[in-house]
1. Where Lys and Arg each count +1 and Asp and Glu each count -1, what net charge lies around Tyr92 among other residues with Cβ under 13 Å from its Cβ?
2. Between His403 and Thr468, what's the calculated FRET efficiency when r is the beta-carbon distance and R0 is 41 Å? Round to 0.05.
3. Within the P(r) computed for the chain, what percentage of the Cα pairs occupies the region above 45 Å?
4. Per DSSP H run of at least 4 residues, take -39500 (n - 2.57); add these up for the chain, divide by its residues and hand me the 222 nm value, nearest 500 deg cm²/dmol.
5. Please give the charge dipole size of the stretch 73-206, origin at the Cα centre, charges +1 on K and R Cβ atoms and -1 on D and E Cβ atoms. Round to the nearest 20 debye.
6. Counting only pairs 8 or more places apart or on different chains, how many lysine pairs in the stretch 201-308 have C-alpha atoms closer than 26 Å?
7. Report the gain in length on full extension from Glu383 to Asp302: 0.36 nm times residue separation, minus Cα-Cα distance, nm rounded to one decimal.
8. Which ³J(HN,Hα) values, rounded to whole Hz and listed in residue order, are derived for the stretch 132-143 from phi using the Karplus coefficients 6.51, -1.76 and 1.60 in 6.51 cos²θ - 1.76 cosθ + 1.60 with θ = phi - 60°, glycine and proline given as x?
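All of the numbers you see were taken from the coordinates with simple rules; none came from a lab. Note that the structure is predicted; figures quoted are calculated from it, not measured. Because the Cβ atoms are built from the backbone with ideal geometry, glycine has one as well, and the counts that use them run over all protein chains shown.
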Amino acid sequence: MIKVDPLLRESYFIHYRTIMVSETAHSKNVCVIGAGPSGLVAARELRKEGHKVVVLEQNHDVGGQWLYDEKNVEGEDPLGRNPFLKVHSSVYNSLRLASPREIMGFTDFPFLMKKGRDMRRFPSHVELLMYLKDFCEWFGLRDMIRFNTRVDYVGMLDYSVCRNDLKWVVRSKEKNSDKMVEEVFDAVVVATGHYSQPKLPSIKGMDTWKRKQMHSHIYRIPEPFRNEIVVVVGNSFSGHDISIDLVGVANEVHMSSRSLNISEGLSKVISKYDNFHLHPQIESLEEDGRVIFLDGSCIKADSILYCTGYSYSFPFLDTKEMVVVDDGRVGPLYEHTFPPSLAPSLSFIGIPKKILGFPFFEAQAMWIAQLLSGKKALPSRDEMMKSIQEFYHSREIAGIPKHCTHDIGDFEYCDKYGENVGLTPIEEWRKSLCISSLINADANLETYRDSWDDDELLQEALQSPHFTQLGLED
Ligand SMILES: Cc1cc2nc3c(=O)[nH]c(=O)nc-3n(C[C@H](O)[C@H](O)[C@H](O)COP(=O)(O)OP(=O)(O)OC[C@H]3O[C@@H](n4cnc5c(N)ncnc54)[C@H](O)[C@@H]3O)c2cc1C
């Protein structure tokens, strides 16, 4: 076996990259923060476009949310109030995908079933991590990533002097080292995800309640709740999954929901389990352990688990207030991606919600790469601001609250976004499978991952060019 001196290998890659960079007149020196799905596809697209790319990733491996972390939750603040969290992933042990695998893949890399692995349509989180690792190997992305490196600061080199040729200072720290490394880049792509920083309700008595309270961010397994009376706050994806996880172990599970108008699927689960109960919102928490609900009902609980969602948070980012997070809105962002005053040298991937995530991240990555190389241009700053204001206004008129600014839920928008960078529209089967699985989940919450009635569509998907393009056997 030939042993390659790591230093030599590194210099080879640096040299290789330098050559690539000098081949294209418009290549940029780009820092991508995060090696989750968004950061990985960004790195690939940027490199494809001839840019020199460094991905800084605080964890030891790729995967982002899908890099399950059970070990470090012990050291995390249970309510996650610290903006610099110790743990990134909020994935729990029992988690299976909420979307069928066939709609999840990047456009040129289908999420295939692989023999000897989890071949289910809605596989466990482990299988998605494997898919992302396969993606990295297939496109040779690992060389671009610096692992165990957390970005602590990103700021402009001197905005007042060079507004049109912005440079970014990035300070990062390697794990187990006190040394801060400072680098300057032509562009920064923020791909740090938004399912880590707990969003908490404000409840009377919450600060003085003496018993166990935690956010779902650090929930991993049901065992610590054995024989307990648990209140689960929140009636969304994790609230459902975690309650179902707990009913077999806890004595009683009490879900507190903002609305008692619940889905057919949730009512089926509640009527199936004698120890699962539904309540309205919590009115107050009392020092003796009582939890009082808005309808006056009350229970004495051992634990409260807040499945109340996550906030956008960029604790490392200093944009001099040119990008702010306000009530779930990251803004101003043109097309959820570009801050008009700082684009294209600063961009965000993965902000939108209620979309087919991976193909959308891919389109964002392509647009950023093409803008940085000068192949494409953004409208003027004023035009971008006008478009953002019009978008906010239209949402307001439609009665959509500010915290839902980035909830897209619109295939047409995604198609237009992709078309702009040369992607073909989302396949009809992908759209239909997305809708049929949402309908199934709504009606059959406990069973939708194992039984469905869209087999015909599924067959159509599996025979489509998307699934056959790599010419690989299952
Ligand atoms: C419980 C749960 C279930 C989900 N289920 C689904 C599902 O079924 N289907 C679906 O499509 N999506 C699901 N999601 C959404 C999921 O977050 C996305 O699929 C996807 O992981 C988003 O990718 P991302 O790269 O934008 O962010 P992430 O996956 O969060 O990756 C961000 C990366 O940035 C790194 N990072 C953050 N800050 C720094 C820093 N300062 N310095 C260096 N690195 C940093 C992180 O370590 C991480 O690796 C789920 C999320 C959760 C929490």
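1. Residues near Tyr92 contribute -3 overall.
2. Taking R0 as 41 Å, the efficiency between His403 and Thr468 is 0.50.
3. Above the 45 Å cut-off, the chain has 13 percent of its Cα pairs.
4. Theoretical 222 nm ellipticity from helices: -9000 deg cm²/dmol.
5. My answer is approximately 580 debye.
6. Total qualifying Lys-Lys pairs in the stretch 201-308 comes to 6.
7. Taking Glu383 through Asp302 to full extension adds about 23.7 nm, to one decimal.
8. 3J(HN,Hα) across the stretch 132-143, in whole Hz: 5, 5, 4, 4, 4, 5, 4, 9, x, 8, 4, 4.
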